[in-house]
Amino acid sequence: MYTGIDQDHVKVMTIERHILEQERFHPEATGVLTSLLYDLALAGKIIASKTTRAGLAEILGRAEEVNVQGEQVMKLDKFADRTIYRLNDHTGRLAAMASEEHADVLVIPDRYPSGKYVLLYDPLDGSSNIDCNVPIGTIFSIFRRKSPGGEPASLEDCLQPGRDLVAAGYILYGTSTMMVYTTGQGVHGFTLDPSVGEFLLSHPNIRIPEKPKYFSVNLGYQIYWSKGVQCFTDYLQGKDDGIQGLSLRYIGSLVADFHRNLLSGGIFYYPADTRDPKKPHGKLRLLYECAPLSFIAEQAGGKGSDGRQNILDIQPESLHQRCPLFIGNKDLVEKAEEMIQRYDP
Ligand code: AHG
Ligand code: MN
Ligand code: MN
């Protein structure tokens with residue numbers, strides 16, 4: 001018998017194969033979610049092909065408009081937004097989409113079949129970093145629609161707590177392109193091999209290391225934080241009886257900061273800013289930034305919190321709702337909660 005090929009060594013796990021194999025954990029699965037995740041991987045490849053050429057094509061620079069958050073829209077934001085929408089509007093897998101770049105829910109047009117899932121996404125996260133060649137990302141949340149099929153989806157289908165997420169993930173456009181996702185069966189990371197155009201399994205079953213290495217926060221705003229957040233920051237810097245030896249790393253792209261801490265151990269936080277009336281709830285958006293990353297954190301043994309409660313327990317009230325975020329190693333997130341409770345009653 002020919003034994004020259006050791007099966008374990010030649011097993012090339014493409015993202016498509018991995019998603020299909022994960023489907024086995026869900027006997028009720030129809031394959032729709034599998035196809036939806038694969039469509040998102042394809043969107044990631046298309047967006048990556050543009051981000052790597054950002055300085056070459058006429059993509060770089062600002063579009064002459066602001067988005068629904070009142071922020072400057074980069075052209076790549078629009079490209080990423082349209083790519084994801086167009087790959088998903090006609091498939092019959094979705095009932096609605098919602099994007100950071102659109103004020104309202106994007107209901108699937110009548111001319112296409114309506115599906116059983118809802119997709120919420122941040123098409124390009126950290127987009128103010130594009131001009132400087134700093135890593136950026138795409139973040140997505142997938143819920144099951146709540147309203148009965150056969151009628152148009154509504155805002156209520158999108159306003160679901162993170163606990164109800166069916167799947168969540170992100171694509172990181174960094175030194176290489178990676179897709180990381182969970183369907184509630186652990187967190188798995190894939191690296192795009194540009195020569196073959198496939199995402200290959202490179203980080204199976206990611207767990208946040210128990211010993212943290214980093215803390216990530218925009219210290220430029222420290223004087224505007226509450227006493228609890230300031231004390232927590234002192235704790236991270238080893239003051240009084242604080243934890244010692246953590247390094248500070250802040251990229252300013254949530255996906256990249258989160259990803260580093262996921263692999264190396266640490267905490268990212270973006271607290272509320274007492275100075276800016278637009279940021280009483282922080283800057284980051286619950287539905288397509290905080291909740292999906294908190295689902296991933298929890299699946300990797302970590303946690304996401306707004307400082308008072310688990311992010312996954314928050315019932316959203318509006319599509320672009322913001323909330324403070326503390327995410328990463330469970331112990332550190334719980335330390336933040338403890339200090340906020342003690343000093344910011
Ligand atoms: P987006 O580009 O989708 O608007 O998100 C930007 C966010 C996030 O990626 C990052 O963590 C944060 O903005 C950085 O904000 P500061 O510059 O205030 O630190
Ligand atoms: Mn973002
Ligand atoms: Mn964005």
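I'd like to verify a number: residues in the stretch 218-231 that are within 24 Å of the chain's Cα centre (by Cα) and away from ligand 2 (no atom under 16 Å from the Cβ), how many?
Counting residues in the stretch 218-231 that are within 24 Å of the chain's Cα centre (by Cα) and away from ligand 2 (no atom under 16 Å from the Cβ) gives 4.
So how many residues does the stretch 148-186 have that are open to solvent by 20 Å² or more (accessible area, probe 1.4 Å), outside any loop (DSSP other than H, G, I, E, B) and closer than 20 Å to Gly302 by Cβ?
Result for the stretch 148-186: 2.
What are the residue pairs meeting all of these: first residue in the stretch 250-277, first residue buried (at least 20 other Cβ atoms within 10 Å of the Cβ), second residue of a type in the set (Lys, Arg) and assigned to a helix (DSSP H, G or I), Cβ atoms under 8 Å, and 6 or more apart or on different chains?
Hits for this filter: Gly266/Arg260.
How about the stretch 187-219: which of its residues are farther than 22 Å from Lys330 by Cβ and assigned to a strand (DSSP E or B)?
Listed by number, the residues that qualify are Phe190, Thr191, Leu192, Asp193, Glu198, Phe199, Leu200, Leu201, Ser202.
With respect to the numbered conditions (1) open to solvent by 60 Å² or more (accessible area, probe 1.4 Å); (2) modelled with pLDDT under 95; (3) touching a helix residue (DSSP H, G or I) at 6+ places or on another chain (Cβ under 8 Å), which one is the sole condition not fulfilled by Arg144?
(2)
Given the criterion in contact with a strand residue (DSSP E or B) (Cβ under 6 Å, 6 or more places away or on another chain) and within 15 Å of ligand 1 (Cβ to nearest atom), identify the matching residue among Leu284, Leu262, Leu246, Leu236.
Being in contact with a strand residue (DSSP E or B) (Cβ under 6 Å, 6 or more places away or on another chain) and within 15 Å of ligand 1 (Cβ to nearest atom) holds for just one of Leu284, Leu262, Leu246, Leu236, which is Leu284.
Among the numbered conditions (1) within 12 Å of ligand 1 (Cβ to nearest atom); (2) within 21 Å of Ser154 (Cβ to Cβ); (3) open to solvent by 20 Å² or more (accessible area, probe 1.4 Å), tell me where Ser128 comes up short.
Tallying (1) within 12 Å of ligand 1 (Cβ to nearest atom); (2) within 21 Å of Ser154 (Cβ to Cβ); (3) open to solvent by 20 Å² or more (accessible area, probe 1.4 Å), Ser128 fails exactly one: (2).
Can you tell me how many residues in the stretch 74-125 are within 16 Å of ligand 3 (Cβ to nearest atom), in contact (Cβ under 8 Å) with a residue 24 or more places away in the chain and in a strand (DSSP E or B)?
The qualifying residues number 11.
Please go through (1) aliphatic (A, V, I, L, M); (2) away from ligand 1 (no atom under 15 Å from the Cβ); (3) out of contact with any Ser or Thr (no Cβ under 6 Å at 6 or more places or on another chain) for Leu312 and return the number of the only condition it doesn't satisfy.
(3)
Consider His102 against the criteria (1) within 16 Å of Ser141 (Cα to Cα); (2) more than 16 Å from ligand 2 (Cβ to nearest atom); (3) open to solvent by 50 Å² or more (accessible area, probe 1.4 Å): it satisfies all of them except one. Which criterion is unmet?
(2)
I'm trying to understand the selection: among the residues of the stretch 131-167, which are at negative phi, within 16 Å of ligand 1 (Cβ to nearest atom) and of a type outside the set (Phe, Trp, Tyr)?
Asp131, Cys132, Val134, Pro135, Ile136, Gly137, Thr138, Ile139, Ser141
Restricting to the stretch 220-263, give me the number of residues that are of a type in the set (Gly, Ala, Ser), within 16 Å of ligand 3 (Cβ to nearest atom) and assigned to a helix (DSSP H, G or I).
Residues that pass the stated criteria total 1.
For the stretch 262-303, which positions are among the small types (Gly, Ala, Ser), within 12 Å of the chain's Cα centre (by Cα) and closer than 14 Å to Gly328 by Cβ?
Ser294, Ala297
Would you check which residues across the stretch 296-319 are open to solvent by 40 Å² or more (accessible area, probe 1.4 Å) and in a loop (DSSP other than H, G, I, E, B) and list them?
Those that are open to solvent by 40 Å² or more (accessible area, probe 1.4 Å) and in a loop (DSSP other than H, G, I, E, B): Arg308, Gln309, Gln315, Glu317, Ser318.
The values are calculated or read from the model by the stated rules, or taken from the named source; none is laboratory data. Quick caveat: nothing in here was measured; it's all calculated off a predicted structure. Cβ: placed from backbone, ideal geometry, glycine included. Neighbour counts: every protein chain shown. Heads up: the accessible areas ignore ligands, DNA and RNA and are worked out on the full protein's heavy atoms, side chains in. Shrake-Rupley method; radii C 1.70, N 1.55, O 1.52, S 1.80 Å.
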